[in-house]
Amino acid sequence: GDRTSDVCVIGEDGELQEEARIPTTRAGMERWFGGRRRMRVAMEVGTHSPWVSRQLKELGHEVLVANPRKLRFIYENRRKGDRVDARSLARVARMDATLLSPVEHRSEGMAQDLAVLRTRDVLVRARVKLVNHVRGAVKASGQRLKGCSTRTFAEKTREQIPTDLKETLGPVLKAVEALSEQIRQLDRRLEGLARKKYPQTSLLRQVPGVGTKVALGYVLTLQDPGRFARSRAVGPYLGLVPARRQSGESDPQLRITKEGDGMVRRLLVQSSQYVLGPFGPECDLKRFGQELARRGGGNAKRRAVVAVARKLAVLLHHLWRTGEVYEPNRGGNEAPKAA
């Protein structure tokens, strides 16, 4: 919990030994877990799980951070409560830890670097909402603003705002300008991070449409290419594969699972849209997506974008793991080169 956490201790014999409610603070964790013999501690992913898991590991305990998506019997319990959840987690951890589908939190340094990228993402989305608000307000008055990029929106549209709306929309334009400046500063900071701390991002930026933000988000989310035995496993990890609900003769076609990191998935989709767009160079990826789009259907183009994003995720992992030079138009017998 945000203020307190419920603790349930199960012995090796399966008997309930102890229950408690402790403050969700560093001092509270130190006071309760410090000095105890080594235990297996299970917790759900949450706001506090990164720092709590690191602290408990430093205190000598084995820590398992459970994926809540794999524990439906906990979050769909009709009598759900923190105390009941603690008991359930303890019993599952005692029986078979693999049932928790434990996740590995990134290091504190990588978490701070990823926070820079997430901060930029929040500012960009806030700016988009403000721009849409201005366009909508002007359109409601019977006029329209000319098209322009979001970065130059405030500068180019200030004179187009109707006189009776200038006083109302002026503060919004100032906010858009301030956000744009903050985003530019974060862009420079991300460039420095990629160049100094994460030079492996240069391998990923070989692919057209993959810039610093996409490469950095990808590296900081996956952390280590060795986590995946096969590059194809990255697609399901990022939620870019269709869900499945097969039973007997029934096997309906479902949407993608959208599991994993939503920001990285969104960045990959944006890169996919560039590849398939008019400015994307001719390459195997583009031809693959165009072939899917030509098959027709109401959602053919959207499916092609997602399919290219999934293929892009697999390709980036392969380049990162092998260090090869990206060949946009790969020949059948062409040997890969080292980047």
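The values are calculated or read from the model by the stated rules, or taken from the named source; none is laboratory data. None of these values were measured; they are calculated from a predicted model. Reconstructed Cβ throughout: ideal geometry from the backbone, glycine too, with neighbour counts over all protein chains shown. All accessible areas refer to the heavy atoms of the entire protein, side chains included, with ligands and DNA or RNA removed. Shrake-Rupley method; radii C 1.70, N 1.55, O 1.52, S 1.80 Å.
General observations
- Tilt relative to the chain, helix 82-95 - C-alpha long axis, 0 to 90 degrees, to 10: 80
- Axis angle, to the nearest 10 degrees, between helix 49-58 and the longest C-alpha principal axis of the chain: 50 degrees.
- What a 1.4 Å probe finds exposed on region 128-214 is 50% carbon and sulfur by accessible area, rounded to a whole percent.
- Of Val92, Val234, Val275, the one that fluctuates the most in a GNM where the chain has Cα springs shorter than 10 Å: Val92
- Extension gain, Glu30 to Thr119, is 29.0 nm, computed as 0.36 nm per intervening residue step minus the present C-alpha separation.
- Cβ-Cβ distance of Met110 and Ala229, R₀ of 22 Å, FRET efficiency by 1/(1 + (r/R0)^6): the value works out to about 0.50.
- Shape category assigned to region 1-147 from the gyration tensor of Cα positions, a/c cut at 1.5: prolate
- Residues with amide H under 5 Å from that of Val45, placed H, sequence gap 5 or more: Ala66
- On the principal axes of its alpha-carbon atoms, the chain has extents of 71, 63, 50 Å, going from largest to smallest.
- Solvent exposure of the chain, expressed per residue, is 59 Å² of accessible area, with all protein chains present and a 1.4 angstrom probe.
- Neighbourhood charge, 14 Å Cβ-Cβ cut-off, centred on Leu285 and excluding it, Lys, Arg +1 and Asp, Glu -1: +1
- Here the sum of -39500 (n - 2.57) over DSSP H runs of 4 or more residues, divided by the residues of the chain, equals -16500 deg cm²/dmol at 222 nm, to the nearest 500.
- Using 0.36 nm per residue and subtracting the Cα-Cα separation, the extra length available between Thr257 and Ser101 on full extension is 54.5 nm.
- Beta bridges per DSSP, both residues in region 1-121: antiparallel share near 60 percent.
- Sequentially through region 251-268, phi angles give Karplus couplings (6.51, -1.76, 1.60; θ = phi - 60°) of 8, x, 7, 10, 6, 5, 5, 6, 7, x, 7, x, 5, 5, 4, 5, 5, 5 Hz, Gly and Pro residues having no value and appearing as x.
- Cα gyration tensor category, rounded, prolate or oblate, for region 266-310 with a/c compared to 1.5: oblate
- Set of lysines with alpha-carbon distance to Lys174 below 17 Å, sequence-local pairs under 8 removed: Lys129, Lys156, Lys166
- Fraction of beta bridges assigned by DSSP in the chain that are antiparallel (%, nearest 5): 70
- Summed residue charge, Cβ within 15 Å of Arg106's Cβ, Lys/Arg positive, Asp/Glu negative: 0
- Ser231 accessible area, assembled protein chains, probe 1.4 Å, Å²: 10
- Residue-count net charge about Pro23 - beta-carbon cut-off 12 Å; Lys, Arg +1, Asp, Glu -1: +1
- Neighbour cut-off at most 13 other Cβ (10 Å), DSSP loop, GluC sites (Glu not before Pro), region 248-339: Glu249, Glu282, Glu334
- Contour minus Cα-Cα distance for Glu249 and Lys196 (0.36 nm per residue): 13.7 nm
- Cα gyration tensor category, rounded, prolate or oblate, for region 201-331 with a/c compared to 1.5: oblate
- Dipole-positive endmost among Leu222, Pro171, Thr25 within the chain (Cβ charges, Cα centre): Pro171
- Put simply, the amide H of Thr4, placed in the peptide plane, has neighbours under 5 Å in Thr24, leaving out anything fewer than 5 places away on its chain.
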